[in-house]
Amino acid sequence: MCECKDVKAVIFDMDGVLQDSETISDITWEMAAKEFGFESKPEALQACRGCNRSDIEAKLKDFYGKDFDSHSYLNRTGELFHQIEAEKGIPLMHYAKEILEYLKPKYKLALASSTRGESVRRQMKAGGLIDFFESLTTGDMVEHSKPEPEIYLKAAESIGIKPENCVAVEDSPNGVKSAYAAGMRVIMVPDKIQPDENLKKLCWKICPSLEAVKDLL
C-alpha cells in the first residue's frame, strides 16, 4: 500500500540496485591493484561507490597520492570488468525485473547511474531492463555525479516531474546523499555498505531488498 500519494516517478540507480555489478567491480579493482603493484584500500573503494569517472580519478589521487596514475588504473579495471561481463554477464539483483514490472503501470520510471551511458545502455539491454525506463541519465552527462545532486535533478527534468514528486532507489551513501540533496525521498536498499546513523536520517525508508519496496509503493 502506497504511503505517499503524491509520488509520480521512481528513479533508480543501476549498480548495486538493479545489477550486481558492484561485486564484479570489487574483484576488478583488486585484480588491477595487483597488476599495478599496490595494495587496494577498502576505504578508497567505498568512497568511490556511486561516483562518475572524473570524480573517481580525483578521489583515487586523494587516497594514493597526487602522482597516482588513476586514469590508467581505471582503464584497466574497465578492461577487466568487460572481460568478466562478456564471459559471464552481470547478474540482476534479487527482484529487479519484478519490481520494475510492478511499478511501470503506476509511475514514470527513470534511471540515474554514474556509469557511462554506453555501458549503461549495453548492460540494461543485456539484462532485459532498458525498456522499463523513460529516460537514462548517466555519469558522462554531468560534470560531478553523486553525491552532488545534478544527476538526479537532470533525471527528474528528463521525465518532466518535480524532484519532490520523485522517489529515488539507492544502495550507496553517495547515491543517497545525491538524491536527498536533489529534494527527493530516498529508499535505500543497502548492498555493500550499511547506513550509519547520519545516513539513516537522509532516507525516507530503508529496505532489505527490492522486494520490500513493493510494500511502500
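The table for this structure:
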quantity: Wholly enclosed strands (runs of 3 or more DSSP E) of segment 130-217 bearing at least 1 residues open to solvent by less than 60 Å² (accessible area, probe 1.4 Å) and over 21 Å from GLU118 (Cβ atoms); calculated: 166-170, 185-188
quantity: Only listed residue being closer than 25 Å to PRO208 by Cα and crowded, with 16+ Cβ neighbours inside 10 Å, chosen from LYS108, LYS104; calculated: LYS108
quantity: Qualifying positions in segment 135-173 - over 11 Å from the mean Cα position of the chain (by Cα) and among the charged types (D, E, K, R); calculated: ASP140, GLU143, GLU148, GLU150, LYS154, GLU157, LYS162, GLU164
quantity: Failed item in (1) among the small types (Gly, Ala, Ser); (2) under 26 Å from LYS177 (Cβ atoms); (3) surrounded by fewer than 16 Cβ atoms within 10 Å (Cβ to Cβ), with GLY89 passing the rest; calculated: (2)
quantity: Top-ranked residue in segment 33-72 [being acidic (Asp, Glu) and closer than 30 Å to HIS94 by Cβ; ranked as surrounded by the fewest Cβ atoms within 10 Å (Cβ to Cβ)]; calculated: GLU43
quantity: Test: residue in segment 64-71 that is of a type in the set (Lys, Arg), over 15 Å from LYS192 (Cβ atoms) and in contact with a helix residue (DSSP H, G or I) (Cβ under 6 Å, 6 or more places away or on another chain); calculated: no
quantity: Residue within segment 73-82 that is touching a residue at least 40 places away in the same chain (Cβ under 8 Å) and either loosely packed, with under 14 Cβ neighbours inside 10 Å or over 26 Å from GLU143 (Cα atoms) (or both) present; calculated: no
quantity: Matching residues in segment 15-33 - criterion: being in contact (Cβ under 8 Å) with a residue 60 or more places away in the chain and in contact with a helix residue (DSSP H, G or I) (Cβ under 6 Å, 6 or more places away or on another chain); calculated: ASP15, GLY16, LEU18, ILE24
quantity: Filter result for GLU30 (assigned to a helix (DSSP H, G or I), more than 30 Å from LEU216 (Cα to Cα), touching a Lys or Arg at 6+ places or on another chain (Cβ under 8 Å) and open to solvent by 50 Å² or more (accessible area, probe 1.4 Å)); calculated: no
quantity: Residues (part of a loop (DSSP other than H, G, I, E, B) and surrounded by fewer than 22 Cβ atoms within 10 Å (Cβ to Cβ)) located in segment 8-27; calculated: LYS8, ASP20
quantity: Where a residue in segment 103-119 is more than 16 Å from ILE151 (Cα to Cα) and its partner, wherever it lies, is aromatic (Phe, Trp, Tyr) and assigned to a helix (DSSP H, G or I), with Cβ under 6 Å and at least six apart; calculated: LYS104/PHE132
quantity: Given (1) within 20 Å of GLY16 (Cα to Cα); (2) touching a residue at least 60 places away in the same chain (Cβ under 8 Å), index of the condition ASN165 fails; calculated: (1)
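Every residue, every condition in (1) closer than 25 Å to PRO163 by Cβ; (2) of a type outside the set (Val, Ile, Thr); (3) touching a strand residue (DSSP E or B) at 6+ places or on another chain (Cβ under 7 Å); (4) assigned to a helix (DSSP H, G or I), yes or no:
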| site | (1), (2), (3), (4) |
| --- | --- |
| LYS61 | no, yes, no, yes |
| TYR73 | no, yes, no, yes |
| ARG76 | no, yes, no, yes |
| ALA86 | no, yes, no, yes |
| LEU100 | yes, yes, yes, yes |
| ALA112 | yes, yes, yes, no |
| VAL120 | yes, no, yes, yes |
| GLN123 | no, yes, yes, yes |
| GLY128 | no, yes, no, no |
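The values are calculated or read from the model by the stated rules, or taken from the named source; none is laboratory data. None of the values given here were measured: they were computed from a predicted structure. In this analysis, Cβ positions are derived from the backbone assuming ideal geometry, glycine residues included, and neighbour counts consider all displayed protein chains. Just so you know, the surface numbers come from the protein's heavy atoms only, side chains and all, with ligands and any DNA or RNA stripped out. Shrake-Rupley method; radii C 1.70, N 1.55, O 1.52, S 1.80 Å.
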